[in-house]
1. Would you kindly state how much longer the chain becomes between D414 and E468 on full extension, computed as 0.36 nm times their sequence separation minus their alpha carbon distance, in nm to one decimal?
2. How much length is gained if the chain between K346 and N204 is pulled fully straight, taking 0.36 nm per residue apart and subtracting their Cα-Cα distance, in nm to one decimal?
3. Using the beta-carbon distance between K447 and F327 and R0 = 51 Å, what value does 1/(1 + (r/R0)^6) give for FRET efficiency, to the nearest 0.05?
4. Note down the net charge around Y308, summing +1 for each Lys or Arg and -1 for each Asp or Glu among other residues with Cβ under 10 Å from its Cβ.
5. Please work out the C-alpha center-to-center distance from segment 111-147 to segment 466-529 and express it in whole Å.
6. What is the list of residues in segment 51-85 whose amide nitrogen lies under 20 Å from a point 7 angstrom out from the Cα of R31, following Cα to Cβ?
7. Take the chain, compute every pairwise Cα distance, and split them into 10 Å bins from 0; I just need the percent in each bin.
8. For S571 and D260, what is the calculated FRET efficiency with R₀ set at 35 Å and r taken between the beta-carbons, to the nearest 0.05?
Amino acid sequence: MAKRLAVVEKEKCNSSGCGDWLCIRLCPINRMGEECIVKGEDNKAKINEELCTGCGICQNRCPFEAIHIINLPEELEQEPIHRYGKNEFELFSLPTPIFGKVVGVLGINGIGKSTAIKVLAGVLKPNLGKTKPASYDELIGYFKGTESQLFFEKIKAGEIKVSYKLQQVDLIPKTQKGKVQTLLKKVDEKGELEKIAKELGIENILDHDITKISGGELQRVAIAATVLKKANLYIFDEPTSYLDIKQRIKVSKFIKSLADENTAVLVVEHDLIILDYMADLVHIMYGKESCYGVVAHPRATRTAINTYLSGYLKEENMRFRDHPIKFESHPPIKKKTEENIMTSWKKIKKKLGAFSLEAEKGEIDKKIVTGILGENGIGKTSFVKILAEEIKPDKGQILEKVKVSYKPQYLKADSDEVVMNILKEAIKKHTKDIINPLNIKPLYNKKLNELSGGELQRVSIALCLSKEANLYLLDEPSAYLDVEQRLIVSKIIRDMMEHKGTSALIVDHDLLFLDYISQRLLVFEGEPAIEGHAKGPFPMEDGMNLFLKDLAITFRRDPETNRPRANKEDSVKDREQKAKNKYYYS
């Protein structure tokens, strides 16, 4: 018999707002005189999983979607590795670090990826579903006959030392004070500060205060701090957020170089191109957001990513998505006519302190999504602000004035207004095409300053797209989103532009996301913080060729899913494509 799991999301449970304990009053077991759902000590609903019949009435009738009744897959016969508490999230199994390999972890947000690596890092003591933390002997017994048994035996014997880079690097300046160099010296157990700083490109910010550096610099400082510790298991939770594509490639090469016969590396990453480039093996995680997560057996990286996109784990006989995700070849865009043009610009020049920005001549077509590629600090956001008329150019002009809706790169969450009020118009007019696909409804009663990064991003995207405009400008909409959310956002934007006859400009660093969403590309070249030149927009193949040539990376298409994949440096395919000057296949 399948095990039943009852989860109550306590921050959503609102007994006074549902008409005084609606779930307690409706539960058939309660009405028969037993206590299946009761008031907890914290004034939240508490469900007895042994008495629950799985009828689903409480789940379906809860106006705040706070209750989840789940019949777990029959394959999950074992107890969880960890449960946060009664009616709370359960995690089944763990990823397996392997010496000499980079092992990736892939899955949606809220499914326990960070919980799993915190257990491996020793930050969280697992309890095997009980009330107290398990001993090492209990963990060794739990994983008997698996690679994880050997891992915990080595942990117990003190043979494994872990160094862990946490996910939220933006929290570092709140707990650490002083110059970057001073902070890194404190953790430098290898005496390699200068070497690592150079490899990660942070040698020029060592004298800067930790509170004065950018998100991308903060990310690389956090990676440096992790690697400067003497360890034989390095764990990185989302190491590429805030980084541009050039930095992502550099960091992924660096992380890959850490794995040797004496060192294991574990990485959680949402950028599929980078995960594919960096990892040797990948664990897929599936389950239900905020309820439970399961770590599947490791697979070779290409197989794992293709399996993830298919939505079906053959060996586990588990379908975790009702549709496969496929990438399509980019069809040629219709011939340009005057009527097709939404807006255009001519000889734009702008000086911003020591930085100068130039854009010769370009145009945005109707019904087209144009991606913007380039390094950090090269003028992409400034150019978007000129189009949005937030800043004026020194020379040149925007030839056709259009109504613009703009989502900035950095999201402000300093308001205590509730999401429902902020998105009042969007809920009224766009429930089907924006609110439902972005899963905004569960956030209605949350205050803006209570939202996570991913939740805030989805609300900001919904707000931007729901406004009446001709041109939608979205700066880094994939940040904080998992793979599936990124692809959902892509589909929403493309469908909207097609149906409304409007246009979108998307600045992003996830090449797979841009490949999926864009029909044309605007490429920025130059030198970060000194000068930037906007070129294009180009057809996808021309734009990608220009951009990838500068990175000296070639891309092929996966024959099974048609997704873009980076070729291994100096491989036969890489040399072949470079000889033909074909860095990208559309």
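1. Full extension of this stretch gives 16.9 nm more.
2. Computed gain between K346 and N204 is 47.6 nm.
3. 0.85
4. Numbers: positive: R299, R321; negative: E484.
Residues near Y308 contribute +1 overall.
5. Each part's Cα centre sits 40 Å from the other's.
6. 51-64, 67-69
7. Going out from 0 Å in 10 Å bins, the chain shows 3, 15, 25, 27, 19, 9, 2, 0 percent.
8. In this case the efficiency is close to 0.95.
Taken together, the values in this text are just the output of simple stated rules run on the coordinates, not laboratory data. Predicted, not measured: the structure shown is a model, and the values here were computed from it. Glycine also receives a Cβ, built like all others from the backbone with ideal geometry; neighbour counts cover every protein chain displayed.
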